[in-house]
Amino acid sequence: MVSTLLTQPVAAQPVNASSAATVAPAGSAQEAVRPNFLVIVADDLGWSDLGAFGGEIATPNLDALANQGVRFTGFHTAPTCSPTRSMLLSGVDNHEAGIGTMVESRPASLANRPGYEGYLNDRVASIAELLQQGGYNTIMAGKWHLGLTQDRGPAARGFAHSYALLQGLGNHFGADQQGAWKKLGANALYREDGKLVQYPVGRYSADYFADRLIGFLDESAQDKRPFFAYLTFTTPHWPMQAPAETIAKYKGRYDAGYEALRAQRLERQKQLGLVSLDQKPHALDKIKPWDSLSPQEKAIEARKMEVYAAMVDRMDQNVGRVIAELKRLGRYDDTVIIFLSDNGPEGSEIDTPFQVRGVPGALKKLGIDNRLENIGNATSYVGYGAGWAQANSSPSWLVKGYPTEGGTRVSAFAVGKGVVGERIARGNLNVTDIAPTLLDLAGLTQPATFKNRPILPFEGKTLVPVLTDKASEVRGPSEPVGTELFYRRALRKGDWKAVYLPPSRSTYPRDGVGDGKWQLFNIATDPAESTDLGAAQPTKLAELVADWDRYAADKGVALP
């Protein structure tokens, strides 16, 4: 299939003394038709947080984009953030791209295992590297989480300009860079174009990352090349922090509790056509019923959700600022925008930085104050817990950290030049599909080598047939897609999905769910993964387990 979105394919060949990428001259006809790309990644966003996906939070900018474009109801990521980001940028499985597990929880026994390097490795070329070589201006602002050192940062992996938080999280007001935070090894690190810099204390993360991306766009206003902009917010990742004026908008909104919110959101999803009218949610796991909480507990929990909503709201405001700037620069109409969350919502109970968990007196040393009246401020440090997370992932099963639908099915959409919009696409799509899609739309082909080293071919599929409404699926019903993280496993094959959750150990999230047996679900009829069909369909389950075993062997998955 040849898309009218595409230019004539141009090979993105490795740059060396005798071979350079084939790039159209600035201002040429070919250059004029190549789209810009804006990929926006939210951090730990719930499936139903956006208004366009059933939420009550004020997200008018993202809602407008989603409703103008194509919303995906079957878009899947890895169960957590850095594995997803490695797959997004490389187009291959996280075990091949270098993030076989999160480096923060990697056991020493895996430190030297290929695929578990803890950074985006040299077996892949990032989509930024390939687009840059193919003539694109490449810019990034936000969370990186794919390597701390200069040679593993965004400036070394294809971004001409970048401002990046290197780790997986940071204080949203920059209050964790010096003093006790640094002494205890819990400080955040930032790089600008490869150099370590200090984040401006007091600036809110979503505001500042948008500032920096807008600045990069403005600096290249006279650059006629198409651009690839990668905007990776740290909202609404814990710690729950937001500007006071935005939090105030949600005062009292969540006093009815998480069960009520879950019911309201599911009803709204039905009205929007995102789920079937008879869809039932998966049962809640490991939460206290709202009615069993004391008045003080309810006040604390409601406050956490108010702050969380403010974080999503503020992110949306900044998306609006970026879109307005693209329009002011006259570049919006030639831009394809892809939005996604990096995984499902965070369900762990969090009240301290993980780096100092168990350290006596750590909260006092760090100046953390988690009293009700301080939650949301720069000196607080909390998550919002399993109740709100499961309300936000409803009707799916579980949350971030799990290969279930609640951990991996995320809100995502595409809009812009050539995208057939105002519709919902329900196919089984994957985060590895983004890199081949962008290269396809750019009229480039993936090379076999990059900088004189072989690179892995894309595992993901181009989504151009879906974007142009020529197809709903990019994978056949017999094509398996495996997942593994923290020894939790899943395999999707057509409508069928097998899931294995080992008995909870010291894995993420803390106090996990798992019974140590394979389960089988039909996602077409049971997207909530509520009915285990393993006993009724033992042959089908055995088939998918065998597929997963082949996947694990092929990708080099480490097993306990």
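Observations, loosely collected:
- Flag if Val312 is of a type outside the set (D, E, K, R), touching a Pro at 6+ places or on another chain (Cβ under 6 Å) and not in a loop (DSSP other than H, G, I, E, B): yes
- Test: residue in the range 129-140 that is open to solvent by 20 Å² or more (accessible area, probe 1.4 Å), modelled with pLDDT of 95 or more and not in a helix (DSSP H, G or I): no
- When Thr462, Thr449, Thr437, Thr445 are screened for being open to solvent by less than 10 Å² (accessible area, probe 1.4 Å) and either within 22 Å of the chain's Cα centre (by Cα) or farther than 27 Å from Val319 by Cβ (or both), only Thr437 passes.
- Spans of helices (runs of 4 or more DSSP H) in the range 168-281 with at least 3 residues open to solvent by less than 50 Å² (accessible area, probe 1.4 Å) and closer than 30 Å to Ile523 by Cα: 258-272
Per-residue answers, yes or no, for (1) acidic (Asp, Glu); (2) touching a residue at least 12 places away in the same chain (Cβ under 8 Å); (3) open to solvent by less than 30 Å² (accessible area, probe 1.4 Å); (4) closer than 29 Å to Ala425 by Cβ:
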site	(1), (2), (3), (4)
Leu491	no, yes, yes, yes
Lys497	no, yes, yes, yes
Trp518	no, yes, no, no
Asp526	yes, no, yes, yes
Gly534	no, yes, yes, no
Thr539	no, no, no, no
Ala546	no, no, no, no
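- Pairing residues of the range 50-62 that are without any contact (Cβ under 8 Å) to a residue 60 or more places away in the chain with residues that are charged (D, E, K, R) and open to solvent by 20 Å² or more (accessible area, probe 1.4 Å), at Cβ distances under 7 Å and at least 6 apart in sequence or on separate chains, gives Gly51/Asp63.
- Residue check, Thr379 part of a loop (DSSP other than H, G, I, E, B), within 25 Å of His145 (Cα to Cα), open to solvent by 10 Å² or more (accessible area, probe 1.4 Å) and in contact with an Asp or Glu (Cβ under 8 Å, 6 or more places away or on another chain): yes
- The single condition among (1) open to solvent by 10 Å² or more (accessible area, probe 1.4 Å); (2) out of contact with any strand residue (DSSP E or B) (no Cβ under 6 Å at 6 or more places or on another chain); (3) modelled with pLDDT of 95 or more; (4) more than 23 Å from Arg123 (Cβ to Cβ) that Asn392 does not meet is (1).
- Pair list, Cβ under 6 Å, 6 or more apart: the range 169-182 residue in contact (Cβ under 8 Å) with a residue 24 or more places away in the chain and more than 14 Å from Asp207 (Cβ to Cβ), other residue in a loop (DSSP other than H, G, I, E, B) and open to solvent by 30 Å² or more (accessible area, probe 1.4 Å): Ala175/Ala378
- For the range 340-392, a residue qualifies if it is within 30 Å of Gln269 (Cβ to Cβ), out of contact with any helix residue (DSSP H, G or I) (no Cβ under 6 Å at 6 or more places or on another chain) and of a type in the set (Gly, Ala, Ser), and the qualifying residues are Ser341, Ser348, Gly383, Gly385, Ala386, Ala389.
- Members of the range 53-64 found to be surrounded by 18 or more Cβ atoms within 10 Å (Cβ to Cβ) and within 23 Å of Gly347 (Cβ to Cβ), listed by number: Phe53, Gly54, Gly55, Ile57, Thr59, Leu62
- Residue within the range 312-333 that is more than 30 Å from Pro35 (Cα to Cα), surrounded by 17 or more Cβ atoms within 10 Å (Cβ to Cβ) and in contact with a Ser or Thr (Cβ under 6 Å, 6 or more places away or on another chain) present: no
- Meets criteria (surrounded by 24 or more Cβ atoms within 10 Å (Cβ to Cβ), farther than 26 Å from Arg225 by Cα and without any contact (Cβ under 8 Å) to a residue 40 or more places away in the chain) for Leu120: yes
The values are calculated or read from the model by the stated rules, or taken from the named source; none is laboratory data. Note that this is a predicted model, so its numbers are computed, not measured. Counting neighbours? That spans all protein chains shown, and the Cβs are built from the backbone with ideal geometry, glycine included. For accessibility, only protein heavy atoms count, side chains too; no ligands or nucleic acids. Shrake-Rupley method; radii C 1.70, N 1.55, O 1.52, S 1.80 Å.
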